[in-house]
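Below: one structure, written as structure tokens.
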Ligand SMILES: [Zn+2]
């Protein structure tokens with residue numbers, strides 16, 4: 001692949017990945033799947049690093065999954081100091097999709113258990129920003 005082509009592919013990829021935000025606004029959490037080797041990606045990617053194909057399709061993540069692992073964050077990065085302590089977690093969802101996100105504040109520390117049911121839900125943050133988090137599923 002010529003390197004001059006790389007920029008163009010990269011540009012197109014970013015444009016396509018911005019669809020992720022549009023889906024999030026509609027309450028959908030979407031991943032991509034390579035149409036050639038069926039590998040799935042979250043966060044979505046528009047090029048498959050496994051088979052170098054760029055024929056990717058969107059699919060909606062099934063909202064219910066399980067907690068794989070979590071960590072307590074006591075010292076939050078700049079801008080998030082007031083929200084510490086909080087929990088970052090990895091959840092596993094259908095199709096083997098793993099998502100790294102924050103656990104909802106509604107989940108109490110004593111209730112957090114590996115293997116517990118989770119759902120991944122779009123959330124609105126202050127300043128009209130969008131994100132997603134894990135809630136009890
Ligand atoms: Zn692939």
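Here, each number is a calculation from the coordinates, and none is a lab measurement. In this text the structure is predicted, and so the values were computed from the model without any measurement. As a convention, Cβ positions derive from the backbone with ideal geometry for all residues, glycine included, and neighbour counts pool all protein chains shown.
Structure notes:
- Among the criteria (1) in a strand (DSSP E or B); (2) under 13 Å from the mean Cα position of the chain (by Cα); (3) under 20 Å from residue 27 (Cα atoms), the one residue 45 does not fulfil is (1).
- Within the range 14-56, tally of residues that are within 11 Å of the ligand (Cβ to nearest atom) and farther than 29 Å from residue 104 by Cα: 15
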